[in-house]
1. Any idea how far the Cα center of the stretch 106-177 sits from the one of the stretch 259-310, in Å?
2. Roughly speaking, what is the stretch gain from residue 105 to residue 179, that is 0.36 nm per residue apart minus the C-alpha to C-alpha distance, in nm to one decimal?
3. Which FRET efficiency value, to the nearest 0.05, is calculated for residue 283 and residue 252 with the Förster distance at 25 angstrom and r the Cβ-Cβ distance?
4. Just the number, please: Stokes-Einstein D of the stretch 122-184 in µm²/s, Kirkwood Rh from C-alpha pairs, 10 °C, 1.306 mPa s.
5. By how many nm would the segment from residue 51 to residue 198 grow when fully extended, if each residue of separation counts as 0.36 nm and the alpha-carbon distance is taken off?
6. How long are the three semi-axes of the equivalent ellipsoid of the stretch 169-244, in whole Å, if each is the root of 5 times an eigenvalue of the C-alpha gyration tensor, listed from largest down?
7. In which sequence would 94, 273 go, from the one with the fewest C-beta neighbours within 10 Å to the one with the most?
8. If R0 is 45 Å, what FRET efficiency do you get for residue 138 and residue 296 from their C-beta distance, rounded to 0.05?
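Every number in this text was worked out from the coordinates using simple rules, so none of it is lab data. Just so it is clear, the structure is predicted and the values come from calculations on it, not from any experiment. Using ideal geometry, Cβ is built from the backbone for each residue, glycine included, and neighbour counts are taken over all protein chains shown.
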């Protein structure tokens, strides 16, 4: 009789034992109903998959930290749409029963099941391991880094956020990838100036003046602003009724965000000078142009500063 009692006590304990996960992590639960146990179990698994999928939906602002800018969010959002990051479902063999045998309600079997976060994240950890292996002994180049930002970086950031949400971020080992990403971060980021073969002498004078006041980079732009045109065009000289001459030059700067999100930068301004004769007025605007001495230059600097700091 005592043996029989112990047997029923064991069955009772198995049916109603509270689910536990490593490190007291919170399990993901699902309840399913079906005409038989197999159908109820399958429907419970589907509910777990739905809960996992719903909890892991990400957008660019979720993935990035507070230190990133709106431009970074736009860039990563573009890449995330391109690679279509989907929720990867865990091996349903890792799903366990909360209660067994299953109860019956209104003629249907009811399965209550759960999976622990360390099992749910396995597909993402496996993906991270594969990426890390791909980045061992990689040769750094401009083309390679360009592909990294468009193909790998959004995926890795999304996977990291998923692991973080499930309390498993420290489990990811992507040392190789991070080393390569840091190296690529030194390439193609900032405010770049493209050489303009069609520039006039006045354009060149103004470009030289800007370069002495603003830090431009040379080379291939990957994740920054590339200044494609710097123009300085005379708008003419005019003698006023008071007897003095006034000459002016219209200046313009045009750039494009080379990360591919379509963002552009367009700045304009005017440099003017007055003198008793035309020659002195022309020399005056040339002196101001060479010193970037015009009313809107401070505005230009403020617009360009965020790109210089990248």
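1. Between the Cα centre of the stretch 106-177 and that of the stretch 259-310, the gap is 48 Å.
2. Working: separation 74, 0.36 × 74 = 26.64 nm, distance 5.60 nm.
This chain segment gains 21.0 nm when fully extended.
3. Details: r = 22 Å, r/R0 = 0.88.
Efficiency, from the Cβ-Cβ distance: 0.70.
4. Details: Rh = 11.9 Å.
Result for D is 133 µm²/s.
5. Taking 0.36 nm per residue and subtracting the Cα distance, the gain is 47.0 nm.
6. Details: eigenvalues 424, 32, 15 Å².
Result for the stretch 169-244: semi-axes of 46, 13, 9 Å.
7. Values: 94 12, 273 21.
Ranked by crowding around the Cβ, least crowded first: 94, 273.
8. Values: r = 45 Å, r/R0 = 0.99.
That gives a FRET efficiency of 0.50.
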